[in-house]
Amino acid sequence: MAHVLLVESWVGAMAHLLPRAVLEAGHRFSFLTRDLHHYLRGAPAGGAHPLLAAHNVLTAETNDLPGLLDHAQRLHQALRFDGVLTSCDYYLDTAAQLAAHLGLPGTHPAAVRRAYRKDLARAAMDAADVPQPRYALAQSWSDVARAARELGFPLVVKPVDLCAGMYVREVADEAGLRAAFNALTGFPVNARHQPRVPTVLLEELLSGPEVSVETVTVNGETTVVGVTDKSLGGTSGFVETGHMFPAPLDPATTRRAGEVAVAALAAVGLDRGVAHTELRLTPAGPRVVEVNPRPAGNQITELVRRVTGIDLPMVYAQLALGETADLTPADTGVHSAAIAFVLPPRPGAIARVDGTGAWQTDPRVVDWSVKPAGHRAGDGSSNNDYLGHVMVVDTAGAGARTIADGLAAQVRVGYVDDDGTTDRDRSAAAPAAAPAAAPAGAAV
């Protein structure tokens, strides 16, 4: 039985999936965090949080890397760790540096940093001629405005060190650019109280569907597990509203998407680990949107597992322990699996979420949840604003996406108005576009 040091975590699906994977692999884990209450607030109703299944729950200042390295060394002497993991983007570099410091298996920290920092990834892919959008990096408003004029509108504005679609905005002119820049510079510290990198990433606006390539890399050799499709929406237009695995693509497109993802991972130097690389399938071919050196979020790994039997969170843990992972697909009887997310039609206090009756009885539904009454909905501008999800499988063909979207479209959201009365129901299927307020980011 190996011992995993799990450093921080997302509070969403991976906070459940990664601990489960470690335990089902026959190992144990110790959970290290700076703020246990950050996770306890997201505990399931009537049950303990999965992270509390840890052999030890340890507290330390995980944002102080030099101090953490010394502290982890002392913990290692007492508890003997065999690997270090995190599912949270903001601690990927921390986990990699801890593993290297303790002499444990893992990806080189510099490669992890190049992968998850969008500015460093863009530069590395540029040097390696990996297909990607034209882009520019800037910090001051004058440099941002000048770069935008050179790239040309419309374009996309992004932070280089946030996730879940936070502050990603399409802008059509300089006024929209200024609003996006001001919102981003007004968010100097991320949800884990880490100072943000002030660099702004500007990219040409790509057309075409978006997909992700799920991969496993061992000793520099990358295996493409499959390609997942993605739908986008929300008030920003960049919120992930659903996924299906496998993506319904022709073999040539699937192969080319895999080749571009593998090239992107090679460019950033990722020689070991599970990765989730997002691409746009433009008329000129696949272009890299971003590289994520960790398993996919939004339960994409569950879609992959239900179709192929390959458990990517478990593979992630196995690689961190120096073990060999079996990537042979199994015949699960499932041809496609999909998830659809419910976004709020508008911000406000939720009175009820109706329309889930069919979710409870449909045999194709394998998982679902919605937020309870009293939840305060956001504005639908990032993945942190979901009100719920429904996951389905199709044993007959590639129809899981249609099934999931149809079930999600039945949802109606009732709000509590400021005077305490219940607002009329509103559909959650297609929230109206509106100027996006700055997301708080507390859900991560």
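The values are calculated or read from the model by the stated rules, or taken from the named source; none is laboratory data. What you are looking at is a predicted structure, and each value in this text was computed from that prediction instead of being measured. Ideal geometry is used to build each Cβ from the backbone, glycine not excepted, and the neighbour counts take in all protein chains shown. Keep in mind that these areas ignore ligands, DNA and RNA; they rest on the heavy atoms of the full protein, side chains included. Shrake-Rupley method; radii C 1.70, N 1.55, O 1.52, S 1.80 Å.
Here's the yes/no breakdown for (1) open to solvent by less than 30 Å² (accessible area, probe 1.4 Å); (2) under 22 Å from the mean Cα position of the chain (by Cα):
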{"site": "H3", "(1), (2)": "yes, no"}
{"site": "L6", "(1), (2)": "yes, yes"}
{"site": "S9", "(1), (2)": "yes, yes"}
{"site": "A15", "(1), (2)": "yes, yes"}
{"site": "G26", "(1), (2)": "no, no"}
{"site": "H38", "(1), (2)": "yes, yes"}
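Based on what the data block shows, is R74 in contact with a Pro (Cβ under 7 Å, 6 or more places away or on another chain) and either in a helix (DSSP H, G or I) or more than 18 Å from P313 (Cα to Cα) (or both)? Judged against the criteria, R74 is not a match.
If you check T324 against the conditions, is it of a type outside the set (G, A, S), open to solvent by 30 Å² or more (accessible area, probe 1.4 Å) and at pLDDT below 95? Answer is yes for this residue. Selection over region 133-146 of residues that are open to solvent by 20 Å² or more (accessible area, probe 1.4 Å), in contact with an Asp or Glu (Cβ under 7 Å, 6 or more places away or on another chain) and in a loop (DSSP other than H, G, I, E, B) gives a count of 1. Applying the set (1) assigned to a loop (DSSP other than H, G, I, E, B); (2) touching a residue at least 24 places away in the same chain (Cβ under 8 Å) to H101 leaves exactly one unmet item: (1). You will find that of R255, R306, R287, R294, the residue that is open to solvent by 50 Å² or more (accessible area, probe 1.4 Å) and either in a loop (DSSP other than H, G, I, E, B) or within 23 Å of A396 (Cα to Cα) (or both) is R306 and no other.
Just so you know, in region 147-182 the residues that are open to solvent by less than 70 Å² (accessible area, probe 1.4 Å), aliphatic (A, V, I, L, M) and in a loop (DSSP other than H, G, I, E, B) include one that is nearest to Y39 (Cα to Cα), and it is A164. Taken over region 353-401, the criterion of being open to solvent by less than 40 Å² (accessible area, probe 1.4 Å), assigned to a loop (DSSP other than H, G, I, E, B) and of a type in the set (A, V, I, L, M) is satisfied by L387 alone.
A single member of L232, L202 is surrounded by fewer than 19 Cβ atoms within 10 Å (Cβ to Cβ) and in a strand (DSSP E or B), and it is L232.
Sub-9 Å Cβ pairs linking a first residue in region 197-209 that is under 14 Å from R122 (Cβ atoms) and in contact (Cβ under 8 Å) with a residue 12 or more places away in the chain to a second residue that is of a type in the set (G, A, S) and surrounded by fewer than 17 Cβ atoms within 10 Å (Cβ to Cβ), at least 6 apart or interchain, are E204/G152, ordered by first then second residue. Taking region 183-199, which residues are assigned to a helix (DSSP H, G or I) and farther than 18 Å from T235 by Cα? Listed by number, the list holds a single entry, T185. Of the listed requirements (1) open to solvent by 10 Å² or more (accessible area, probe 1.4 Å); (2) touching a residue at least 60 places away in the same chain (Cβ under 8 Å); (3) within 22 Å of the chain's Cα centre (by Cα), A115 misses just one: (1).
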